[in-house]
Ligand SMILES: Nc1ncnc2c1ncn2[C@@H]1O[C@H](COP(=O)(O)OP(=O)(O)O)[C@@H](O)[C@H]1O
Ligand SMILES: [Mg+2]
């Protein structure tokens with residue numbers, strides 16, 4: 001059995017016996033992680049040595065000024081980018097040491113990604129969008145198209161969109177689109193959700209409903225949730241807040257930064273008030 005699949009069984013056993021919130025098993029360990037971007041001859045060093053540990057079942061808000069490297073860190077944690085130095089370990093496995101197949105299995109099965117821009121395919125129905133991860137697991141799974149479709153429907157029901165299964169994304173409100181994106185992230189039963197400003201395009205009430213959904217996925221399903229955010233309410237909801245600043249990661253929020261960012265223009269341009 002691949003180690004990640006074996007871990008999933010172990011995870012289920014631990015959760016079944018103790019309840020998901022009581023697990024203190026370490027899931028993420030980052031040590032001395034450094035990341036630079038090169039543009040021509042220019043080198044922009046973004047992360048100068050980040051250390052982070054996250055336990056199975058935690059809900060962590062990641063805050064910090066714009067451009068501080070929050071998305072960069074999230075991409076590394078999710079195995080979307082391995083062009084860094086230092087250690088990023090998930091369940092004791094160094095992501096740098098995974099083969100390409102192991103890495104793509106990790107991204108597909110263990111991580112659910114949710115972004116600010118919902119990234120739905122306009123020509124597909126909600127059900128088809130949610131079932132997309134099945135396409136990437138071809139050869140890995142024996143699920144038929146009918147089974148994938150049924151599972152997609154169940155995930156849409158899980159996020160409160162039972163009546164939108166066959167709708168096209170462009171007929172949905174912003175909040176509904178983000179629910180479809182969350183259903184898609186849930187399709188392969190991830191252990192961890194990595195969310196990059198998931199309420200950034202939503203009005204505050206809709207954003208709150210989306211946050212409640214993440215809270216519930218963490219509480220009831222035991223999914224570890226990491227959310228990059230400018231939204232001070234997420235920090236209130238999260239069990240823990242960490243801050244990326246000056247290339248390092250610190251425990252706790254810095255209120256001044258959070259407020260300053262929340263009133264900035266970056267995430268405010270395209271508020272979708274049509275909840
Ligand atoms: N693909 C890239 N190429 C070059 N520079 C990048 C790239 N992605 C991000 N950066 C730069 O890295 C810094 C951190 O970016 P990012 O991680 O997106 O910050 P945050 O999410 O905290 O706003 C910024 O200065 C940004 O311009
Ligand atoms: Mg970002």
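The values are calculated or read from the model by the stated rules, or taken from the named source; none is laboratory data. Bear in mind the structure is a predicted one, so any value in this text is a computation, not a measurement. Using ideal geometry, Cβ is built from the backbone for each residue, glycine included, and neighbour counts are taken over all protein chains shown.
Identify all residues within region 60-87 that are under 18 Å from residue 100 (Cβ atoms) and free of Cβ contacts under 8 Å to residues at least 60 places away in the same chain; write none if there are none.
Correct list: 75, 76, 79, 80, 81, 82, 83, 84.
Please find, among 35, 41, 45, the residue that is over 18 Å from residue 189 (Cα atoms), modelled with pLDDT of 95 or more and out of contact with any helix residue (DSSP H, G or I) (no Cβ under 8 Å at 6 or more places or on another chain).
Details: 35 fails: out of contact with any helix residue (DSSP H, G or I) (no Cβ under 8 Å at 6 or more places or on another chain); 41 fails: modelled with pLDDT of 95 or more.
Just one listed residue meets the conditions, 45.
Going by the structure shown, is residue 153 over 18 Å from residue 189 (Cα atoms) and either surrounded by 14 or more Cβ atoms within 10 Å (Cβ to Cβ) or within 16 Å of ligand 2 (Cβ to nearest atom) (or both)? Let's see the steps before the verdict.
Details: over 18 Å from residue 189 (Cα atoms): no; either surrounded by 14 or more Cβ atoms within 10 Å (Cβ to Cβ) or within 16 Å of ligand 2 (Cβ to nearest atom) (or both): yes.
In short, no.
Of all the residues that make up region 181-224, how many are under 21 Å from residue 27 (Cα atoms), away from ligand 1 (no atom under 16 Å from the Cβ) and outside any helix (DSSP H, G or I)?
10
Taking region 55-95 as the region of interest, how many residues are within 16 Å of ligand 2 (Cβ to nearest atom) and in a helix (DSSP H, G or I)?
Qualifying residue count, region 55-95: 8.
Within region 228-251, work out how many residues are touching a strand residue (DSSP E or B) at 6+ places or on another chain (Cβ under 8 Å) and not in a strand (DSSP E or B). Explain how you work it out, then say what you get.
Initially, region 228-251 is screened for residues touching a strand residue (DSSP E or B) at 6+ places or on another chain (Cβ under 8 Å), giving 228-230, 234-235, 237-244, 246-251.
From what is left, the residues that are not in a strand (DSSP E or B) are 229-230, 234-235, 237-239, 246-247.
Counting residues in region 228-251 that are touching a strand residue (DSSP E or B) at 6+ places or on another chain (Cβ under 8 Å) and not in a strand (DSSP E or B) gives 9.
Of all residues being more than 20 Å from residue 111 (Cα to Cα) and at pLDDT below 50 in region 8-32, which is surrounded by the most Cβ atoms within 10 Å (Cβ to Cβ)? Just the residue, please.
18
Which condition breaks for residue 234 when tested against (1) surrounded by 15 or more Cβ atoms within 10 Å (Cβ to Cβ); (2) over 25 Å from residue 46 (Cβ atoms); (3) at pLDDT below 95?
It is condition (2) that residue 234 fails.
Within the bounds of region 130-144, is there any residue that is at pLDDT 95 or above and part of a helix (DSSP H, G or I)?
Yes, some residue in region 130-144 is at pLDDT 95 or above and part of a helix (DSSP H, G or I).
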